[in-house]
1. Any residue that is in a loop (DSSP other than H, G, I, E, B) and surrounded by 24 or more Cβ atoms within 10 Å (Cβ to Cβ) - is there at least one of those in the stretch 98-111?
2. Do you know which residues across the stretch 306-322 are surrounded by 12 or more Cβ atoms within 10 Å (Cβ to Cβ) and part of a loop (DSSP other than H, G, I, E, B)?
3. What about L72, is it over 19 Å from A162 (Cβ atoms), surrounded by 24 or more Cβ atoms within 10 Å (Cβ to Cβ) and at pLDDT 95 or above?
4. Residue check: is A267 of a type in the set (G, A, S), within 16 Å of the ligand (Cβ to nearest atom) and in contact (Cβ under 8 Å) with a residue 24 or more places away in the chain?
5. Test of understanding: among G216, G232, G236, G226, which residue is over 24 Å from V272 (Cα atoms), within 16 Å of the ligand (Cβ to nearest atom) and touching a residue at least 12 places away in the same chain (Cβ under 8 Å)?
6. Name the residue, out of V303, V272, that is at pLDDT below 85 and in a helix (DSSP H, G or I).
7. Which of (1) in a loop (DSSP other than H, G, I, E, B); (2) more than 16 Å from the ligand (Cβ to nearest atom); (3) surrounded by fewer than 24 Cβ atoms within 10 Å (Cβ to Cβ) does V20 not meet, given it meets every other one?
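The values are calculated or read from the model by the stated rules, or taken from the named source; none is laboratory data. Note that the structure is predicted; figures quoted are calculated from it, not measured. Ideal geometry is used to build each Cβ from the backbone, glycine not excepted, and the neighbour counts take in all protein chains shown.
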Amino acid sequence: MRRIEIYDTTLRDGLQSPGVAVDGQGRLAIARRLALLGVDAIEAGFPVVGEAEAEAVRLVAREVDGPVIKGLARAHPRDVDAAWDAVRDAARPRITVYAPVSDVQIAHVLRGTREDALGRIRAAVAHAHTLAGDVEFSPMDATRADPAFLAETVAVAIAEGAAIVSVPDTVGYTVPHEFAALLTRLQADVTQLAQVTLAVHCHNDLGLAVANSLAGVLAGATAVEGTINGLGARAGNAALEELVMLIDTRGAHLGLETAIAPEHLTAASRLVSELTGYTVQPNKAIVGANAFQHDAALYRAAVGRDRATYEIMDPRRVGRDDA
Ligand code: MN
């Protein structure tokens, strides 16, 4: 069995959802729940954004034990310093440095050239490494980038000390077999990847965030990042509860396992829903109100005789009290 690390970015990517404002105490409550769940890392926020954001990250870093606590930074010295200042009190602090690597984003986000992007990645990862030791590099918009250039940026980041490379499908554009092929090629092009953790971070614009994440894992990634309830900008991120229960339910077939305690998933979902005001659709997998309901009399009778008739998961396994 391969142990897959579960990273959470509910507090960063998740809270970037439009209209969401969760204060420091609310963020701390979510982080504590994530720690109870047993996630391997919590991305606590994007400290350079402002003092309230930085203070919320600081609070999580100081108060939450167990997971790695990550602060996000663009490939810029000021961002890296702000991220380090916010996470440095954590028992296991990490700085995640990201930079655009697709030509369209290099032109319009970085407003520079590929050489500029490489130079910034080199400098920022090196700087983060002198501060934090534990550095993650995320090549933004990797799935729309030139794979050869993507490989260059990843090689540079690893050379400067990145111990985790998290490949994102930033705009939710890829499809499973294409994402798997990209990661397979990347591992062939950058053999140093075998010495670091390869993670994936997928968005749900085409409803494929979890499927793409699974394809990434089967192609060699050993960490996946998601959010509770699939919260996140636009159509959201890979839903953490779906990633976890996919591996929990089909782990024997997939040869995968996690260290998550799934009985805390329902409480985590309800807390995030309450604090953000984003209600969960009734038919949402794992945490939707109807996810374990059998309304048709025919199904209900059969489930009454043997739950396995129509149930692939025991609702109690995810902490549900309604079944
Ligand atoms: Mn994202």
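1. Yes, the stretch 98-111 contains a residue that is in a loop (DSSP other than H, G, I, E, B) and surrounded by 24 or more Cβ atoms within 10 Å (Cβ to Cβ).
2. Initially, the stretch 306-322 is screened for residues surrounded by 12 or more Cβ atoms within 10 Å (Cβ to Cβ), giving 307, 309-311, 313-320.
Within the stretch 306-322, Y310, E311, M313, D314, G319, R320 meet the criteria.
3. No: the conditions fail for L72.
4. Details: of a type in the set (G, A, S): yes; within 16 Å of the ligand (Cβ to nearest atom): no; in contact (Cβ under 8 Å) with a residue 24 or more places away in the chain: yes.
Considered against the rule, which asks whether it is of a type in the set (G, A, S), within 16 Å of the ligand (Cβ to nearest atom) and in contact (Cβ under 8 Å) with a residue 24 or more places away in the chain, A267 comes out as no.
5. So the residue among G216, G232, G236, G226 that is over 24 Å from V272 (Cα atoms), within 16 Å of the ligand (Cβ to nearest atom) and touching a residue at least 12 places away in the same chain (Cβ under 8 Å) is G216.
6. Just a single option satisfies the conditions, and that option is V303.
7. Among (1) in a loop (DSSP other than H, G, I, E, B); (2) more than 16 Å from the ligand (Cβ to nearest atom); (3) surrounded by fewer than 24 Cβ atoms within 10 Å (Cβ to Cβ), V20 violates only (2).
Quick grid of which residues meet (1) out of contact with any strand residue (DSSP E or B) (no Cβ under 7 Å at 6 or more places or on another chain); (2) farther than 22 Å from E242 by Cα:
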| site | (1), (2) |
| --- | --- |
| Y7 | no, no |
| L11 | no, no |
| R27 | yes, no |
| A31 | no, no |
| G50 | yes, yes |
| P67 | no, no |
| P77 | yes, yes |
| R88 | yes, yes |
| V101 | no, yes |
